[in-house]
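**Q** Following this message is one structure expressed as structure tokens.
The values are calculated or read from the model by the stated rules, or taken from the named source; none is laboratory data. Since the structure is predicted, the reported quantities are computational estimates derived from the model, not experimental observations. Cβ sites come from the backbone with ideal geometry, for glycine too, and all protein chains shown count toward neighbours. For the accessible areas, the whole protein counts, side chains as well, though only heavy atoms, and no ligand, DNA or RNA atoms are used. Shrake-Rupley method; radii C 1.70, N 1.55, O 1.52, S 1.80 Å.
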Amino acid sequence: MAITAGTRDSHGTREAIIRAATRLMQIHGYRGTSLEDVLRESGVGKGSFYYHFASKEELGYAILDAIVRDFLDRTLGSCFADPGAPRLAQIRCFLDRVLETQRECNCVGGCPLGNLASELSDVHEGFRARLAGVFATWRERLTEALREAQARGEVVPTCQASAVAQFLVAALEGAILVTKVTKDIAVMEQCVAEMKRHLALYEAPGR
């Protein structure tokens, strides 16, 4: 299908709605952001909104998809791109990227995935299931990296890859939350340093 000016404008309108809603929900939450808020923030009319989204729920799913794509591109995708690189170095890269993201946002907003999980997991099954899948993907990628490191002799055989990966995911989410509350990037820096020290416990001697 040829891309016309109308197609580009339509895509731009959809992206404008997603960007505006993401900004609002990052501060006010999903339930605290009304459709009227989104229309006002994006400058889009109600008719245009319903051309792209059947409901606020559908918009929420689109926002979640966009957050996940951005997260994967900026952290997991970039740090694990080289199949030959040492896996622990890649995990440390991932930890540094998450830290840098918090530094760039000046400790405001926290983790969009964590925010949605905290707000909606007990009240909206659709979001809960999608968020559980996202965190599972994150955990499984780290588990895979640790198992590959074991197979290469980079990590000791006693390392329980899935447990360590789960710890890293939970520790990062907790660190982001406390950093958001304290508005102190030093909290995140200290937590990431401790996670790296924990990883070093499993590094094979001589590596």
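**Q** Has the range 147-158 got any residue that is surrounded by 16 or more Cβ atoms within 10 Å (Cβ to Cβ) and under 19 Å from Ala175 (Cβ atoms)?
**A** For the range 147-158, residues surrounded by 16 or more Cβ atoms within 10 Å (Cβ to Cβ) and under 19 Å from Ala175 (Cβ atoms): absent.
**Q** Considering only the range 93-207, give the helices (runs of 4 or more DSSP H) lying wholly within it that have at least 1 residues that are among the β-branched types (Val, Ile, Thr).
**A** 125-152, 161-182, 185-200
**Q** Which one is surrounded by the fewest Cβ atoms within 10 Å (Cβ to Cβ), of the residues in the range 42-77 that are closer than 18 Å to Gly12 by Cβ, within 19 Å of the chain's Cα centre (by Cα) and touching a residue at least 40 places away in the same chain (Cβ under 8 Å)?
**A** Looking at residues that are closer than 18 Å to Gly12 by Cβ, within 19 Å of the chain's Cα centre (by Cα) and touching a residue at least 40 places away in the same chain (Cβ under 8 Å), I get Ala66.
**Q** Starting from the range 1-24, take each residue that is among the acidic types (Asp, Glu) and list its partners that are at pLDDT 90 or above, counting only C-beta distances under 8 angstrom and pairs at least six apart or across chains.
**A** Going by the 8 Å Cβ cut-off, there are no qualifying pairs.
**Q** Out of the range 176-198, which residues are open to solvent by 30 Å² or more (accessible area, probe 1.4 Å), in contact (Cβ under 8 Å) with a residue 60 or more places away in the chain and not acidic (Asp, Glu)?
**A** Leu177, Lys180, Thr182, Lys183, Ile185, Lys196
**Q** Please go through (1) in contact (Cβ under 8 Å) with a residue 40 or more places away in the chain; (2) open to solvent by less than 70 Å² (accessible area, probe 1.4 Å) for Ala85 and return the number of the only condition it doesn't satisfy.
**A** For Ala85, the exception is condition (1).
**Q** Now for a different question. Mind counting the residues in the range 101-146 that are open to solvent by less than 40 Å² (accessible area, probe 1.4 Å), more than 22 Å from Lys196 (Cβ to Cβ) and of a type in the set (Val, Ile, Thr)?
**A** 1
**Q** Just the residues that are basic (Lys, Arg) and either touching a Gly at 6+ places or on another chain (Cβ under 7 Å) or free of Cβ contacts under 8 Å to residues at least 12 places away in the same chain (or both), please, taken from the range 115-136.
**A** Arg128
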